[in-house]
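Remarks on the structure that follows.
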Amino acid sequence: MTPILLVEQILNGIQSGMTLFLMAAGLTLVFGVMGLINLAHGSLYMIGAFAAAAVAGATGSFALALMAALAASAAAGAVVERVVIRRLYDRDHLDQVLATFALILVFSEGTRWLFGSFPLYLDIPDALSGPVTLPGGIEYPRYRLAIIAIGAAVAASLGLLITRTRLGVRIRAGENDREMIAALGVDISRLYTVVFALGAGLAGLAGALVGAIRSVQVGMGEPVLILAFVVIVIGGIGSIRGALVGALLVGMTDTLGGVLLPPFFGLFMEGSAAASLGSSLASMLIYVLMAGVLVVRPSGLYGGRA
Amino acid sequence: MTRETLVNIALALLLLAVPLWAYTADEPFIITLATRAAILALAGVGLNLALGTGGLVSFGHAAFFGVGGYAMGILASHAQGYVPLMEWPFTVEGTKSMPVIWLVAMLSAGLAALGIGALSLRTSGVYFIMITLAFGQMFYYFAISWPAYGGEDGLSIYVRNGFPGLNTLDPIQFFALAYALLMLALFAMGRLARAPFGLALNAARQSTERVETGGIGVYRLRLTAFAVSGVVTGLAGALFADLNRFVSPTMFSWQTSGEIMVFVILGGVGRLFGPVAGAMLFIVLEHMLGGVSEFWHIWLGAILLFVVLFARGGIVGALAGRADG
Amino acid sequence: MDSILEVRGVSKSFGALAACDAVSLDLRAGEIHALIGPNGAGKSTLIKQIAGSLAPDAGTVHLAGEDVTALDVAARARRGLARTFQVSALAMEDTALQNAMIGALGAAGAALRFWRPALADRELRGVAEAALSRVGLGDVTGMRAAALSHGQRRQLEVAIALTQVPKAYLMDEPMAGLGETGSEEMTALLGGLRSEAPILLVEHDMRAVFALADRISVLVYGRIVATGTVDEIRADPEVRRAYLGEGA
């Protein structure tokens, strides 16, 4: 493990953390403001990826593809919110889980019906392909750096949105007392649709960005969704800051664990046993991290509510 | 005799009648379908204790299903390969005896449930759901990456395990085993629900404060329920692996967790025979709709959505009305 | 005279807000001690700390001489503290009898029994049925809590507390929402209860307070400003100022 490789992996961890942040931010906002747990968030991620792949395939433009991803997932989010989610705000969590699980089934099978079971491919645009030379002579893929930059930009924008705008004030007020802001004349249903669509758009963006690194296929969203849950448990529900910190922690732990554990075991075990033990434990590491945080802070690092 | 008891008897008889008919009509495939339904129902019976009575929305029960399945897989694969599980400090051989396998499966699943429950039950609400989901994933990824037992490809057991006095390869006899276990579990659950434990657990679902103020520690109550629920689902997992003679990480997947929850809900959450009705319906849908379209999950999703939004009581709720006191 | 329940120097702050400031009071055998105060005085925060659902920043709570400050709600309940809630905390799908059994189960430590049906346990059932009769719910034991009237639910709250056969009662506005007849019945019930176990009674209904209380403590902005008999409190200038404003 050379220092260069280590830095590369750290950057990978940050990049993976950034995409997780995009997923988790939407989820935690929706939960914080509307008190709703949404399992179909992974489907919105997938819709963004498919929209991007379809548009990129048709037009060849990555920029258009990203915009399509944002638009498609935000629109899907808005539609789903008005048709299904709206009926769930007053229901208990079990109903919310089941209904949004049902949505996963519908979206996954629907996408498979439309696009087939084979993965689609989304190409990294030429402008962002190839390596960039960082200080220290390290070469790192330009595209991944772009993802980190986009993630940071989104985090900063969300922070400004929440703290400086009218919408942000409503979001924060809504997190604290839903009935009160409704009584004060804020159009709750529109606020909810906007928040839900915003979260959906972020998920779709994440899906499109990752789609260029891995493939675009049905079912790609759920593993990321569950990781986003881990992020939220660690970071605390309703907190954007918690989502960022949690996402970076999870991203780093996952990436570095997979890279550092096998050689670590290699120090006192023989080759293949070390490799398999190392990678098996690495797969469990983030959950161990989550369990650890839970023992010490059951509401997450920045959380207050459940 | 209440309406619900009549419905329960009808369901039990239906699940028995179909394979018996298939036996006389020489349709072994139908017997296998019924066995599948019985085993999935058993998995649901386990979840129903935690979810229906306890109000614990565990979206990671596949963890226990998989632990039971892998208990069977590990024991049987060592037996069929004539390689002991371990040789130091004492020799532990594999086994192909079902009773032993079931015991190991139930114990391991129970331990897993105690561990996961002890951590998860310190939280509530949405956190609990997310954490149980996450722990299920943990088992899934571990099973994929641990190479000794097949990893992603899974593990095949060539010959079905044995039960003293029976020919377990005969579909109707294996069905009888699964059915008997299901009925035993339902009987036990019925007693549990009416006992002080069930009363307190059910009341805690409705008002934690009320039960705590009455002097009953709710954490311990729920942890016990969660562990028992894991034990039952684990037994179902061992049976399922035996039915298919195959165990793979899919048994740990979130989709499996979701499916188990779906049968419980479709059948009627909290109702004793809910999982039986739900599993039977699920098998019928899988078989019939699956034959028509490979995208039948869309229909499953639509039905589930409908039930959740408009028909909360599920099948048993629709047939038997409100639950009895 | 021994204090059954002793609260010493209990303080709780939420950020800069001191909800409870070194509150001390005691509950003696055979008495009804009413806790009154204007809205926002910190009564519910205090009750939560006595019951065990909120941990104080400082101070202790003693029940029958034992320090229970570190114990949770269920542990304190088992040691003999029964509480009723201002907003009824009932298992709404269950019947009145099933709700009453919860208290009986808790007191008997019987929650981890798995086999025999709860309702078949004659002893526990007897305790529950007796409590229900005593509060006037003897005819509706089989009715779901959701189907009971508001007044009946308040009675059920008290019945559950009765089944615990506690050393002390902590009652949070048992009269809340009761009409005139209901209040009279509840007042009679509570009056008869004090000889079995003392009651710390939080109430807004002044008629009931003056009819029932042996002693009254007045809580204003998190501090006890006066403790005494009904007449003493009525005449106390601080109390008058707190309720009626300056120059009263």
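Data for the structure
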{"quantity": "Filter result (among the polar types (S, T, N, Q) and either surrounded by 24 or more Cβ atoms within 10 Å (Cβ to Cβ) or not in a helix (DSSP H, G or I) (or both)) within the stretch B:103-138", "calculated": "B:Ser120, B:Thr123, B:Ser124, B:Thr132, B:Gln137"}
{"quantity": "Flag for C:Glu157 being under 16 Å from C:Leu90 (Cα atoms) and either among the acidic types (Asp, Glu) or part of a strand (DSSP E or B) (or both)", "calculated": "yes"}
{"quantity": "Inter-residue pairs, beta-carbon under 6 Å, first without any contact (Cβ under 8 Å) to a residue 24 or more places away in the chain and in the stretch A:104-132, second of a type in the set (D, E, K, R), 6+ apart", "calculated": "A:Gly130/A:Arg142; A:Pro131/A:Glu139; A:Val132/A:Arg142"}
{"quantity": "Selected residue (criterion: nearest to the other protein chains (Cβ to nearest Cβ)) from residues of the stretch B:139-153 that are among the small types (Gly, Ala, Ser) and buried (at least 20 other Cβ atoms within 10 Å of the Cβ)", "calculated": "B:Ser145"}
{"quantity": "Pairs with Cβ under 6 Å, 6+ apart, first in the stretch C:33-44 and at pLDDT 85 or above, second hydrophobic (A, V, I, L, M, F, W, C) and part of a loop (DSSP other than H, G, I, E, B)", "calculated": "C:Ala34/C:Ala213"}
{"quantity": "Enumerated helices (runs of 4 or more DSSP H) restricted to the stretch B:242-325, each holding at least 1 residues that are among the hydrophobic types (A, V, I, L, M, F, W, C) and within 8 Å of another protein chain (Cβ to nearest Cβ)", "calculated": "B:254-267, B:297-310"}
{"quantity": "The stretch B:223-237, residues that are more than 10 Å from the chain's Cα centre (by Cα) and surrounded by 24 or more Cβ atoms within 10 Å (Cβ to Cβ)", "calculated": "B:Ala225, B:Phe226"}
{"quantity": "Test: residue in the stretch B:118-135 that is under 18 Å from the mean Cα position of the chain (by Cα) and more than 8 Å from chain A (Cβ to nearest Cβ)", "calculated": "yes"}
{"quantity": "In the stretch B:87-102, residue surrounded by the fewest Cβ atoms within 10 Å (Cβ to Cβ) [restricted to those that are more than 29 Å from B:Phe135 (Cβ to Cβ) and of a type outside the set (Phe, Trp, Tyr)]", "calculated": "B:Pro89"}
{"quantity": "Residue satisfying all of: in the stretch C:109-133; surrounded by fewer than 17 Cβ atoms within 10 Å (Cβ to Cβ), assigned to a helix (DSSP H, G or I) and of a type in the set (D, E, K, R); nearest to the other protein chains (Cβ to nearest Cβ) among these", "calculated": "C:Glu123"}
{"quantity": "Criterion: among the basic types (Lys, Arg) and touching a residue at least 40 places away in the same chain (Cβ under 8 Å) - qualifying residue of A:Arg82, A:Arg87", "calculated": "A:Arg82"}
{"quantity": "Any hit, the stretch C:175-182, residues being modelled with pLDDT under 90, part of a loop (DSSP other than H, G, I, E, B) and touching a strand residue (DSSP E or B) at 6+ places or on another chain (Cβ under 7 Å)", "calculated": "no"}
{"quantity": "Test: residue in the stretch A:200-216 that is among the basic types (Lys, Arg) and without any contact (Cβ under 8 Å) to a residue 12 or more places away in the chain", "calculated": "yes"}
{"quantity": "Residue check for C:Met92: within 23 Å of C:Glu173 (Cβ to Cβ) and within 7 Å of another protein chain (Cβ to nearest Cβ)", "calculated": "yes"}
{"quantity": "Residues of the stretch B:55-86 satisfying the condition of being surrounded by fewer than 24 Cβ atoms within 10 Å (Cβ to Cβ) and small (Gly, Ala, Ser)", "calculated": "B:Gly55, B:Ser77, B:Ala79, B:Gly81"}
{"quantity": "Some residue of the stretch B:223-234 being farther than 18 Å from B:Thr53 by Cα and assigned to a helix (DSSP H, G or I)", "calculated": "yes"}
{"quantity": "Residue match in the stretch C:136-150 (condition: buried (at least 19 other Cβ atoms within 10 Å of the Cβ), touching a Ser or Thr at 6+ places or on another chain (Cβ under 9 Å) and within 30 Å of C:His62 (Cβ to Cβ))", "calculated": "no"}
{"quantity": "Residues (of a type outside the set (Gly, Ala, Ser) and farther than 15 Å from B:Ala118 by Cα) located in the stretch B:134-150", "calculated": "B:Gln137, B:Met138, B:Phe139, B:Tyr140, B:Tyr141, B:Phe142, B:Ile144, B:Trp146, B:Pro147, B:Tyr149"}
{"quantity": "Verdict on B:Leu42 being closer than 25 Å to B:Leu121 by Cα, crowded, with 24+ Cβ neighbours inside 10 Å, modelled with pLDDT of 95 or more and within 14 Å of chain A (Cβ to nearest Cβ)", "calculated": "no"}
{"quantity": "Residue under evaluation C:Leu170, criteria (1) without any contact (Cβ under 8 Å) to a residue 40 or more places away in the chain; (2) under 21 Å from C:Ser44 (Cα atoms); (3) not in a helix (DSSP H, G or I), criterion not met", "calculated": "(1)"}
{"quantity": "Single residue of the stretch C:182-222 satisfying the filter (surrounded by fewer than 19 Cβ atoms within 10 Å (Cβ to Cβ) and of a type in the set (A, V, I, L, M)) that is nearest to the chain's Cα centre (by Cα)", "calculated": "C:Leu189"}
{"quantity": "Residue match in the stretch B:62-75 (condition: without any contact (Cβ under 8 Å) to a residue 40 or more places away in the chain and either part of a helix (DSSP H, G or I) or among the acidic types (Asp, Glu) (or both))", "calculated": "yes"}
{"quantity": "Given (1) within 14 Å of chain B (Cβ to nearest Cβ); (2) crowded, with 22+ Cβ neighbours inside 10 Å; (3) not basic (Lys, Arg), number of the condition A:Ala69 does not satisfy", "calculated": "(1)"}
{"quantity": "Any hit, the stretch B:169-180, residues being acidic (Asp, Glu), in a helix (DSSP H, G or I) and either out of contact with any Pro (no Cβ under 8 Å at 6 or more places or on another chain) or more than 8 Å from every other protein chain (Cβ to nearest Cβ) (or both)", "calculated": "no"}
{"quantity": "Lone qualifier among B:Ala113, B:Ala105, B:Ala109 - being under 16 Å from A:Ala291 (Cβ atoms) and modelled with pLDDT of 90 or more", "calculated": "B:Ala113"}
{"quantity": "Single residue of the stretch A:218-237 satisfying the filter (in a loop (DSSP other than H, G, I, E, B) and more than 10 Å from chain B (Cβ to nearest Cβ)) that is farthest from A:Val296 (Cα to Cα)", "calculated": "A:Val218"}
{"quantity": "Those residues of the stretch B:211-233 which are of a type in the set (S, T, N, Q) and at the interface with chain C (Cβ under 9 Å from one of its Cβ atoms), in sequence order", "calculated": "B:Thr213, B:Thr224"}
{"quantity": "Within the stretch A:87-116, tally of residues that are of a type in the set (Val, Ile, Thr) and within 7 Å of chain B (Cβ to nearest Cβ)", "calculated": "2"}
{"quantity": "Contacts under 9 angstrom Cβ, first residue in the stretch B:144-163 being under 14 Å from A:Leu277 (Cβ atoms), partner at pLDDT below 85 and assigned to a strand (DSSP E or B), 6 or more apart", "calculated": "none"}
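The values are calculated or read from the model by the stated rules, or taken from the named source; none is laboratory data. None of these values were measured; they are calculated from a predicted model. As a convention, Cβ positions derive from the backbone with ideal geometry for all residues, glycine included, and neighbour counts pool all protein chains shown.
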